[in-house]
Amino acid sequence: MARLSVCIEMIFRELPFLDRIDAAADAGFDCFEFWNWRSKDIKGILQKKQKRGLAVSTFCVEPMGRIVDSNTRHEFITGVKDTIDVAHKLECPRLLVTTGNETEGVSRRTQHKSIVDSLKEAAKLVEKADVTLLLEPLNILVDHRGYYLSSSKEGFEIIREVDSPNIKLLYDIYHQQITEGNLIETITKNISLIGHFHVGDVPGRHEPGTGEINYANVLKEIDKTGYDGFIGLEFKPVTDGKEALNKVRKILELL
């Protein structure tokens with residue numbers, strides 16, 4: 001069974017950042033995730049994590065760099081090195097990576113190759129550090145216009161080309177419903193390449209059960225694959241954060 005991870009960047013936003021960790025624990029969850037780390041109080045996060053007995057499921061490599069551009073690869077590799085140190089402090093096994101926006105006037109083939117080459121170089125670092133990088137496709141129709149990697153299809157191609165057990169895809173169900181649809185078949189056929197999930201409903205990126213995605217069916221099929229990693233609850237609650245999280249629990253009770 002997968003573990004649910006509360007994204008405290010989007011849930012409990014009315015609270016100071018460190019208090020959101022307490023709110024996740026008080027709501028009955030044992031792990032959380034966030035985005036950027038350089039602007040955060042890492043010592044404070046560690047203390048809260050340890051006091052409440054929580055796990056950190058993922059956060060972002062920073063500075064991210066634009067791995068579509070080989071000229072900025074050194075920034076990305078530096079970011080991976082720095083972020084690995086923080087991941088070890090927080091005992092976090094997975095780090096989120098994005099590609100950056102498309103480079104105008106450069107072919108997609110060239111940008112694709114730059115992504116692959118960047119991740120191959122990073123793989124040497126994360127394999128030694130026992131950390132997994134999670135490459136995330138994002139939708140370009142609603143939220144991230146200009147972003148390079150929108151489809152899971154190309155994302156899986158990249159993961160296969162990199163060919164490292166420590167480079168996986170972050171499959172965001174919200175983003176891929178907008179981009180591709182065909183969620184269950186895509187997920188189940190490629191489950192060995194997926195290292196993390198994000199959930200949010202369409203439209204609006206609110207909690208599951210508010211939109212068009214049949215999350216009971218999707219999560220049931222994920223469970224059937226034997227996936228035992230994290231499912232990140234990365235959505236904007238329509239109601240109170242705790243109430244929204246309880247709705248997700250009720251969907252899981254149907255499995």
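Scanning the range 201-208 for any residue that is under 24 Å from Ile115 (Cα atoms), modelled with pLDDT of 95 or more and among the basic types (Lys, Arg) turns up nothing. The condition of being among the basic types (Lys, Arg), more than 27 Å from Ile191 (Cα to Cα) and in contact with a strand residue (DSSP E or B) (Cβ under 8 Å, 6 or more places away or on another chain) holds for only one of Arg13, Arg20, Arg3, that being Arg20.
Taken together, the criteria place Val68 among residues that are modelled with pLDDT of 95 or more, closer than 18 Å to Ile159 by Cβ and buried (at least 18 other Cβ atoms within 10 Å of the Cβ).
Considering the conditions (1) under 19 Å from His198 (Cβ atoms); (2) in contact with a Lys or Arg (Cβ under 9 Å, 6 or more places away or on another chain), Ser118 is excluded by exactly one of them, (1). Sub-7 Å Cβ pairs linking a first residue in the range 38-53 that is over 25 Å from Met64 (Cα atoms) to a second residue that is assigned to a helix (DSSP H, G or I) and among the β-branched types (Val, Ile, Thr), at least 6 apart or interchain, are Lys48/Ile21; Arg52/Ile21, ordered by first then second residue.
Right, Val97: over 20 Å from Met64 (Cα atoms) and in contact (Cβ under 8 Å) with a residue 12 or more places away in the chain or not? No: the conditions fail for Val97. Of all residues in the range 185-223, those satisfying the criterion of being free of Cβ contacts under 8 Å to residues at least 12 places away in the same chain and part of a helix (DSSP H, G or I) are Glu185, Lys189, Ser192. Selection over the range 92-149 of residues that are over 23 Å from His74 (Cβ atoms), β-branched (Val, Ile, Thr) and within 14 Å of the chain's Cα centre (by Cα) gives a count of 0. As for the range 230-244, it holds at least one residue that is touching a residue at least 40 places away in the same chain (Cβ under 8 Å), in a loop (DSSP other than H, G, I, E, B) and closer than 30 Å to Asp130 by Cα.
The values are calculated or read from the model by the stated rules, or taken from the named source; none is laboratory data. For clarity, every value in this text was computed on a predicted model and none was experimentally measured. Heads up, the Cβs are rebuilt from the backbone with ideal geometry, glycines too, and the neighbour counts pull from every protein chain shown.
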